[in-house]
Amino acid sequence: MAKRVPIDDTSAQVKDFLKRLDPEKGEYVLEMGGKPLVGVVPAWQVEKLSQKRAEVLALLEQSWERNRAVDEDEVRQAVGAAIKEVRHRKTQSRP
């Protein structure tokens, strides 16, 4: 869970926070007036999230290319059938 750090609008307070910051020890949310303003996370987390985002976008692009010619109604029917099957299995596995 991120540590919440209240700040006002003074740059000195922000500079002091940044000097004391050890991002490897956790995540921080800077708040102004009790409202979240910005999140501070370790750089490796930002890099990891960027990499994951690129991977997900590549998978979406591949899926879109493979299914470009598939009719939209056919997709809706297939998704609906899959949801129905999963729900049926869930009710069958309950004691």
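Laboratory data are not the source of any read-out in this text; all were calculated from the coordinates shown. It should be emphasised that the depicted structure is a prediction, and the values quoted were computed from it without experimental measurement. Neighbour counts run over all protein chains shown; Cβ positions are idealised from the backbone, glycine included.
Residues S63, S93, arranged from fewest to most other Cβ atoms within 10 angstrom of their Cβ, appear as S93, S63.
Note on K15: lysines with a C-alpha under 29 Å away, same-chain residues under 8 apart excluded, are K3, K25, K35, K48. How much of the DSSP bridge set in the chain is antiparallel, in percent, rounded to the nearest 5? Counting only bridges with both partners in the chain, antiparallel ones make up about 50 percent. Sorted ascending by nearby beta carbons within 10 Å, beginning with the fewest, M32, M1 become M1, M32.
Once the chain is represented by equal point scatterers at the alpha-carbon sites, with solvent omitted, what log10 I(q)/I(0) does the Debye formula produce at q = 0.13 Å⁻¹? Values, matching the q order: -0.75. For the chain, the longest principal axis of the C-alpha atoms and the axis of helix 43-66 are separated by about 20°.
Out of all DSSP beta bridges in segment 3-44, what portion is antiparallel? Express it as a percent rounded to 5. Just about 50 percent of them are antiparallel.
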